[in-house]
Amino acid sequence: MDVTVFSAKPYDRSFLDAAAGTAHRVTYLEAHLTPGTAVLADGADVVCAFVNDRVDAAVLTALQGLGVRLVALRSAGFNNVDLVAAKHLGITVARVPAYSPQAVAEHTVALMLSLNRGIHRAFARVREGNFALDGLLGFNMQGRSVGVIGTGRIGAAVVTILMGFGCDVLACDPHSNPTLVERGVRYMELPDLLSASDIVTLHCPLVPQTRHLIDTAAIAEMRRGAMLINTSRGAIIDTNAVIAGLKDGVIGHLGLDVYEEEAALFFEDLSDQVIQDDVFARLLTFPNVLITGHQGFFTREAMAAIAETTFANITAFAATGHALHEVSVDKA
Ligand code: NAI
């Protein structure tokens, strides 16, 4: 098949080339997929897209006009795809449902530990010859209550790590996991979890019901000084409400790997430019905020698994007309 890969970085290329083998002709484009760039897929059977590519109705209509039959996402999340339009246009959408939950789970806990012990501040201080400990006082993870919202693959992997620290793990998910319950996880409603947790960590998908799940009302339920971590999707939290929570001290630490408006920022080197997003710029001013640019998935193991599943989807689609891991409006 002819495959056009959008948002392709050199690091993507090496893993995708290894997985593609000789069965497919692959074209790599650095450009994001947008209504303006969709035309670059001319001649492709398959478009391979990533988290900040726009796979909306306008893009899908343009792709269908070019003869594209499959959109193969190199991600688990598919909130950037208009599945209704895809179904209507007869374009199959496939994703990589699970590649390495541990990659994201370990990054989540890295954010927790860094914020707790002020590693991001200590790094900068020590390089300046400042060995003072003021402002770096942390807390023991052992015995702390951690509320995990969404205990699917990544949430369950986070629970396993936290149990190793001796945390008291609380959870909220419409589908409780009996194995986690056996291991001592207590499921409860969201307001109860928020009011009982020292750390709240988000691992649910972004769907209409979870958009701005953490808003002003939810923050009002949280323990004063609690830590909030989001490595799932930016729009699960209302960023302006979280900024207000940070300013009045309800949120004591904030760790983000995702941001509502990240498409205009993340994955690019913008160090020579002035950031135009004032909300993001405000977040950067807090000493108790640590942001990474959507790198939770970025381990060798996860990149290899993403590339393999992506091409397994494409190869199955070429052979049978069906990808291995299809996502459709009927199943979503
Ligand atoms: P999953 O589908 O295995 O688990 C999601 C869980 O969330 C399910 O158990 C589901 O029942 C639960 N859920 C749904 N609605 C909920 C609600 N309103 N409240 C509480 N729980 C709810 O998904 P997985 O693989 O664990 O991934 C979770 C999310 O992590 C993805 O949707 C994606 O957005 C994000 N992600 C982030 C990455 C990164 O690099 N930062 C990489 C991969 C995924």
Quiz item: Among the candidates VAL274, VAL258, which residue alone is closer than 25 Å to SER114 by Cβ, part of a loop (DSSP other than H, G, I, E, B) and of a type in the set (Val, Ile, Thr)?
Solution: VAL258
Quiz prompt | Within region 169-185, considering residues that are open to solvent by 60 Å² or more (accessible area, probe 1.4 Å), over 18 Å from ILE236 (Cα atoms) and assigned to a loop (DSSP other than H, G, I, E, B), the one nearest to the ligand (Cβ to nearest atom) | solution = HIS175
Quiz item: Which condition does GLN273 not pass, out of (1) open to solvent by less than 40 Å² (accessible area, probe 1.4 Å); (2) away from the ligand (no atom under 14 Å from the Cβ); (3) not aromatic (Phe, Trp, Tyr), if it passes all the others?
Solution: (1)
Quiz prompt | Members of region 186-218 found to be in contact with a strand residue (DSSP E or B) (Cβ under 7 Å, 6 or more places away or on another chain) and open to solvent by less than 20 Å² (accessible area, probe 1.4 Å), listed by number | solution = LEU193, LEU194, SER197, ILE199, VAL200, THR201, LEU202, CYS204, ILE214
Quiz item: What residue, among those in region 197-220 that are in a helix (DSSP H, G or I) and more than 6 Å from the ligand (Cβ to nearest atom), is nearest to the chain's Cα centre (by Cα)?
Solution: PRO208
Quiz item: Does region 248-259 contain at least one residue that is within 25 Å of PHE50 (Cα to Cα), away from the ligand (no atom under 14 Å from the Cβ) and in the same structural domain as VAL169 (by TED's automatic domain parsing)?
Solution: no
Quiz item: How do the pairs read when you match residues in region 288-303 that are away from the ligand (no atom under 11 Å from the Cβ) and assigned to a loop (DSSP other than H, G, I, E, B) with residues anywhere that are open to solvent by less than 30 Å² (accessible area, probe 1.4 Å) and not β-branched (Val, Ile, Thr), using Cβ under 8 Å and keeping only pairs 6 or more apart or on different chains?
Solution: ASN288/LEU115; ASN288/LEU246; ASN288/GLY252; ASN288/LEU254
Self-check item: Options VAL93, VAL46, VAL51; residue that is away from the ligand (no atom under 16 Å from the Cβ) and in the same structural domain as ALA20 (by TED's automatic domain parsing)
Solution: VAL46
Practice problem: Could you please give the count of residues in region 111-168 that are among the aromatic types (Phe, Trp, Tyr) and either buried (at least 17 other Cβ atoms within 10 Å of the Cβ) or within 26 Å of the chain's Cα centre (by Cα) (or both)? | Solution: 2
Quiz item: How about region 163-182: which of its residues are among the hydroxyl-bearing types (Ser, Thr, Tyr) and under 19 Å from LEU194 (Cβ atoms)?
Solution: SER176
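The values are calculated or read from the model by the stated rules, or taken from the named source; none is laboratory data. Bear in mind the structure is a predicted one, so any value in this text is a computation, not a measurement. Cβ coordinates were reconstructed from backbone atoms using ideal geometry, including for glycine residues, and neighbour counts include every protein chain displayed. Surface accessibility is based on the protein's heavy atoms, side chains included, excluding ligands, DNA and RNA. Shrake-Rupley method; radii C 1.70, N 1.55, O 1.52, S 1.80 Å.
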